[in-house]
Amino acid sequence: MNKKIAVIGGTGFGMEGEASFIDTPYGQVRAEAIELGGREVLFIPRHGEVHLPPHRVNYRAILWVAKAAGAVRVISTNTVGTMSWHPVGSFVIPIDFVEFTRSRPATFFEEETVHVDLTTPYCSEVRRALTAGAEAAGALVSDGTYVCTEGPHLESPAQIRMLRRFGDVVGMTGYPEVVLARELELCYASICIVTNPAAGMRIDSMAAAEITREMERSARLLREVIEAAISMIPEERGCSCGRALAEARL
Ligand code: HPA
């Protein structure tokens, strides 16, 4: 099995293919072999079959499977709330991130000291393809900074007033994926779907089911965006993600 591109599907975004269960040092992962954008792709549903909450997702196993399958590029989908008035249903491609998580294993290197550089946390080549893919599919798209909270509860209005000083959109699943991908020298970029205004940026309270409903509304367009993006990713890597460990060890 050699799938050079992996897609990690977030809440409300699934793809059916040839399913397999793959063992990793961190546990087993279910993945689907699919064809997308003219390429063979490994699709990994982030939340598994029982919809694990964000703090219990096995992020290390997911990235490990992508690498083991031969992927060098990873596209991730994440739902987000907007802290900056993006229209619901539009897309944001993170260019940077801040995280406020507490309980997630965030490294593959427990026994040695490895500091990967995150000056450019998201692969610029994959980001470019996602932006071009979104434009080709007629989607509304912008850049932004992603703020990752621990969840599983949604934020309080005061938390959002604080977090909006740090970034543009808020979600619960973008970290530590972005860092783990870099530790495996994978190219990684995310396409975020704006499903709601964040807490306090709306008059009414918010039902979590709203996120799934909005995501379902955007799923077809998201698939088109990813398909177009995959067809635009250059065959050879022109970025430095593949050399992330060259000078990262102390
Ligand atoms: N907060 C955190 N995560 C989210 C949200 C939100 O408002 N919307 C979708 N994922």
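The values are calculated or read from the model by the stated rules, or taken from the named source; none is laboratory data. Quick caveat: nothing in here was measured; it's all calculated off a predicted structure. Glycine also receives a Cβ, built like all others from the backbone with ideal geometry; neighbour counts cover every protein chain displayed. Each accessible area value is taken on the protein alone, full model and side chains, heavy atoms only, with ligands, DNA and RNA left out. Shrake-Rupley method; radii C 1.70, N 1.55, O 1.52, S 1.80 Å.
Quick rundown of the values:
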quantity: Rh by Kirkwood over Cα pairs, then Stokes-Einstein D for segment 199-250 at 0.890 mPa s and 25 °C, µm²/s; calculated: 159
quantity: Percent RCO, i.e. relative contact order, over the chain, from Cα pairs under 8 Å lying at least 6 residues apart; calculated: 28
quantity: P(r) of segment 132-224 over all Cα-Cα pairs, binned every 5 Å from zero, in whole percent; calculated: 2, 11, 19, 22, 21, 15, 8, 1, 0
quantity: Modelled label reach - Arg220, point 7 Å along Cα→Cβ, segment 104-130 residues with backbone N closer than 19 Å; calculated: none
quantity: Unit charges at the beta carbon, dipole of the chain: most positive-side option, Met172, Gly133, Ser205; calculated: Ser205
quantity: Solvent-accessible heavy-atom area per residue, rounded to whole Å², over segment 5-243 at 1.4 Å; calculated: 43
quantity: Per-q log10 I(q)/I(0), segment 5-243, q = 0.10, 0.16 Å⁻¹ (Debye; single scatterer per alpha-carbon; no solvent); calculated: -0.42, -1.15
quantity: Spherically averaged projected area of segment 4-98 from its Cα convex hull (nm²); calculated: 7.1
quantity: Highest-MSF residue in the chain out of Thr79, Thr11, Thr113 [GNM, Cα springs under 10 Å]; calculated: Thr113
quantity: Rounded Å value of the spacing that divides the Cα centres of segment 67-128 and segment 186-211; calculated: 16
quantity: Segment 5-243 - percent of accessible surface contributed by carbon and sulfur, probe 1.4 Å; calculated: 50
quantity: Of Val141, Val80, Val92, the one that fluctuates the most in a GNM where the chain has Cα springs shorter than 10 Å; calculated: Val141
quantity: Most mobile of Ile211, Ile160, Ile203 in a GNM of the chain (Cα contacts under 10 Å); calculated: Ile203
quantity: Cα shape, segment 44-84, gyration tensor, a/c 1.5 rule; calculated: oblate
